[in-house]
Amino acid sequence: MEDPNRERPHRPSILSFAGDLPNLCSLLGLFCALLGIYYAIRGVFPAAMIGILWAVFFDWCDGLIARRIQGRTQQQRAVGVQLDSLIDVVSFSVCPAIVLLSYGHYNPWFIPGAFVILSTGVLRLSYFNVFGLADKSTYTGLALDNNVLVLAFVFLFEGLFGRDTFTVILYATLMALAAMNVAPVQTPKLAGGWFYVLVVYTLVMTAFFGWRWAQLP
């Protein structure tokens, strides 16, 4: 029988983990994803693209910061891993699904596509949380953050097509990405110098979509 007088291990408060710098960076990414969702719902897609691109940026930053900070506790690392994974669901599954639904004017025909995006996203993250990398520099399937990078790139060409045509392109692209997320293929983990490529990509795309946003009536 457990001794009622036995001292229980100290549990830090939930909010204490928000002050951990990598976790704070993850939460900034979540805020950007929220902005992406907000503007996607309103149909302001240039602003939505800016939001989700910066969600990717902060998602990369939190890992870089976590690897460089000395003295983080095991609890901070464990909570950070869980926090990052949960935020990935919002940033790279929920947000693209809402972009698809909104661009399709919430037509019921877009619900299956949104479900595919969500289901493959959570399946992929669950698999990764259990099995991890295929090796030190390789994923099984396409990492979810790539979905957002490709999605923003596709939106560069929105003005070249009619609304109906671009809707088909968007739907097909997101379904192809969802298939790649859970496909039994090896894809490289982008790290090292790729971070600087991401910085340039994010800044250039932010400038372009910011200009396009300013042109909206």
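What the table shows:
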item	result
W60, W194, W213, ranked by accessible area, largest first (probe 1.4 Å)	W194, W213, W60
Residues in the stretch 90-122 reached by a label modelled at L34 [backbone nitrogen below 14 Å; 7 Å Cα→Cβ]	90-91
In sequence order, calculated HN-Hα J values of the stretch 153-170 (Karplus, 6.51, -1.76, 1.60; Hz; x Gly/Pro)	4, 4, 5, 4, 9, 4, x, 8, 10, x, 4, 5, 5, 5, 4, 5, 4, 4
V90 accessible area, 1.4 Å probe, all protein chains in place, Å² to nearest 10	40 Å²
Gain on full stretching of the segment that runs from W211 to R77 - 0.36 nm per residue minus C-alpha separation	44.3 nm
Whole-Hz ³J(HN,Hα) from phi, Karplus 6.51 cos²θ - 1.76 cosθ + 1.60, for the stretch 136-145, glycine and proline x	5, 9, 9, 9, 8, x, 7, 4, 5, 5
0 to 90° range, to nearest 10: angle between helix 74-89 axis and the chain longest Cα axis	20 degrees
Among G141, G121, G159, residue whose mean-square fluctuation peaks in a GNM of the chain (springs only between Cα atoms under 10 Å)	G159
Relative contact order (%) - criterion: Cα under 8 Å, at least six apart; region: the stretch 87-147	39 percent
In sequence order, calculated HN-Hα J values of the stretch 15-21 (Karplus, 6.51, -1.76, 1.60; Hz; x Gly/Pro)	5, 5, 6, 5, x, 5, 4
Nearest-10 value in Å² for the accessible area of H10, using the 1.4 Å probe	150 Å²
Relative contact order for the chain, counting Cα pairs under 8 Å that sit 6 or more residues apart, in percent	23 percent
Rounded to 10°, Cα long-axis angle of helix 194-215 versus longest principal axis of the chain	50 degrees
Most to least packed among 111-118, 75-82 [average Cβ atoms within 10 Å]	111-118, 75-82
Answer label, with Kirkwood radius over Cα pairs in Å calculated from the coordinates and candidates [x] 18.5; [y] 17.4; [z] 18.0	[x]
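The values are calculated or read from the model by the stated rules, or taken from the named source; none is laboratory data. On a predicted model such as this, the values are computed, not experimentally measured, just so you know. No Cβ is skipped: glycine too gets one built from the backbone with ideal geometry, and neighbour counts run over all protein chains shown. Each accessible area value is taken on the protein alone, full model and side chains, heavy atoms only, with ligands, DNA and RNA left out. Shrake-Rupley method; radii C 1.70, N 1.55, O 1.52, S 1.80 Å.
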